[in-house]
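Worksheet for the structure shown next.
Derivation of every value follows stated rules applied to the coordinates shown; laboratory data play no part. These numbers were taken from a predicted model, which means no experiment stands behind them. Using ideal geometry, Cβ is built from the backbone for each residue, glycine included, and neighbour counts are taken over all protein chains shown.
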Amino acid sequence: MTLLLPLSIRKVRNIAAVLVGMYATSRILENKNYIQHGTTSTYTHCRNVAYVSLQLAQKFHWKVDEHSLIRGALLHDYYLYDWHDRQNRPRLHGFRHPALALANAEKTYALTPVEIDIIKHHMFPLTFFPPRTKEGFLITLSDKLCSLYETLKLNEHHAAKCRSCDFKSGN
Ligand SMILES: [Fe+2]
Ligand SMILES: [Fe+2]
């Protein structure tokens, strides 16, 4: 995503801080075991979405709730299974997983209305209702860009930048 400028060190550190906090308080590391697109794990995908959503906010000069944007990005696919595994995934995964991710996230955290909007509506327009917040809109866009890059394996250069906000766990 060369049209998007890299994030400042402060923003990268903000993503890292939220991620590290979640290691101890959630099951987010399990997402390293589940593939999202191509060879990209769900964990890495969510981290990429957080990074790109902040890049988009920067590009559009939008003032956003950065903390909720990062948390929403990291939890937007917190459904905790591999959707390629036909035996263990629910039917209609594409439509149902935002609600499953939200239920899991709500078991773990008291979510802000912005975080709920992000998780619930990130699959728009596949799911009927659009996001109601700027942050929700940024995640729907960032999610689609990252999904495209990950599926087509276009993200090697970009992935290297995203890794910078994940100094502790590597990949
Ligand atoms: Fe999703
Ligand atoms: Fe996603």
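Which longest uninterrupted range of the chain lacks any trypsin sites (Lys or Arg not before Pro) assigned by DSSP to a loop state (not H, G, I, E or B) and surrounded by at most 11 other Cβ atoms within 10 Å?
92-167
I need H76, H84, H45 ordered by Cβ neighbour count within 10 Å, fewest first.
If I rank by nearby Cβ atoms, fewest first, I get H84, H45, H76.
Compute the relative contact order of the stretch 9-169 as a whole-number percentage, counting only Cα pairs closer than 8 Å that sit 6 or more residues apart in sequence.
For the stretch 9-169, the relative contact order is 27 percent.
So for the pair A103, L154, with labels modelled 7 Å out along Cα→Cβ, what separation do we get in nm?
Result: 3.5 nm between the two label points.
Tell me, V20, V49 in order of fewest to most beta-carbon neighbours within 10 Å?
V20, V49
Extension gain L5-R89, at 0.36 nm per residue separation less the Cα-Cα distance, in nm?
Working: separation 84, 0.36 × 84 = 30.24 nm, distance 3.68 nm.
Gain on extension, L5 to R89, equals 26.6 nm.
Given the stretch 9-169, what count of lysine pairs have C-alpha atoms under 16 Å apart, with each pair 8 or more places apart or on different chains?
12
As a test of the definition: which semi-axes, in Å, follow for the chain when you take the square root of five times each eigenvalue of its alpha carbon gyration tensor? Largest first, please.
Calculated on Cα positions only, the semi-axes equal 21, 18, 17 Å.
Taking the number of other C-beta atoms within 10 Å as the exposure measure, put E135, E115 in order starting with the fewest.
Ordered from fewest to most neighbouring Cβ atoms within 10 Å, E135, E115 come out as E135, E115.
What is the gain in length, in nm to one decimal, between R96 and F60 on full extension, counting 0.36 nm per residue of separation less the C-alpha to C-alpha distance? Write down the numbers at each step before the final one.
Numbers: separation 36, 0.36 × 36 = 12.96 nm, distance 3.04 nm.
Working it through step by step, the gained length comes to 9.9 nm.
What Kirkwood Rh does the stretch 45-109 have if only Cα atoms enter the pairwise 1/r average? Answer in Å. Please report the intermediate quantities before stating the final value.
Values: mean 1/r = 0.0766 Å⁻¹.
Roughly 13.0 Å, rounded to one decimal.
List the residues whose amide H sits under 5 Å from the amide H of R89, counting only those 5 or more places along or on another chain, with H placed 1.01 Å from N in the peptide plane.
Here the answer is none, since no amide H 5 or more places off falls under 5 Å of that of R89.
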